[in-house]
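A.B. asks: Dropping a structure here in structure tokens format, bear with me for questions.
What follows draws every value from the coordinates through simple rules; no lab data is involved. Values in this document were obtained by computation on a predicted structure and should not be read as measured data. Positions of Cβ are backbone-derived with ideal geometry, glycine not excepted, and every protein chain shown enters the neighbour counts.
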Amino acid sequence: QVQLMESGGGLVQAGGSLRLSCAASGTIFSINSMGWYRQAPGKQRELVAAITSGGSTNYAESVKGRFTISIDIAKKTVYLQMNSLKPEDTAVYYCCAVIPPYGPWGQGTQVTVSS
């Protein structure tokens, strides 16, 4: 099996920055892609950003220009650099991955942006 462990969430003022990390562990032969979703209270879980092992990225429109996703294949870790944070970015952020034959999810890390 494969497990994902997130870190880096917390409380930050609007305009501030946070960096999330997610490390994969277990029996891993290859990583297809990794990404981040978020879920705010009362809302559906939504894609924030995703990245393939080759470096192709995909971002939600609401975070383009503010968030940057990156991956370190050797460390089996994906990062989400979040700048210019807004109160509407407040949510639980979940890491996910496509690591054949698994599609694991992390337990989530809370990000709270105060106004």
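A.B. asks: Counting DSSP beta bridges in the chain, what percent are antiparallel, to the nearest 5? Intermediate values should be presented prior to the final figure.
C.D. replies: On the way: 39 of 43 bridges.
For the chain, the DSSP antiparallel bridge percentage is about 90.
A.B. asks: Apply 1/(1 + (r/R0)^6) to the Cβ-Cβ distance of R19 and K43, taking R0 = 30 Å, and write down the FRET efficiency to the nearest 0.05. Show your work: numbers first, answer last.
C.D. replies: Values: r = 23 Å, r/R0 = 0.78.
FRET efficiency, R19 to K43: 0.80.
A.B. asks: Next question. By average Cβ neighbour count within 10 Å, what is the ranking of 15-22, 99-106 from highest down? Kindly include the intermediate steps, with their values, before the conclusion.
C.D. replies: Numbers: 15-22: 17.0, 99-106: 14.9.
So the order, starting with the most tightly packed, is 15-22, 99-106.
A.B. asks: Here's a follow-up. Between Q3 and W105, what is the spin-label point distance in nm, taking each point 7 Å from the Cα along the Cα→C-beta axis?
C.D. replies: With each label placed 7 Å out from Cα toward Cβ, I get 1.8 nm.
A.B. asks: Determine the dipole magnitude for the stretch 1-83: charges of +1 sit on the beta-carbon of Lys and Arg, -1 on that of Asp and Glu, nothing else is charged, the reference point is the Cα centre, and the result goes in debye to the nearest 20.
C.D. replies: Working: 8 positive and 4 negative charges, 18 e Å.
That gives the stretch 1-83 a dipole magnitude of about 80 debye.
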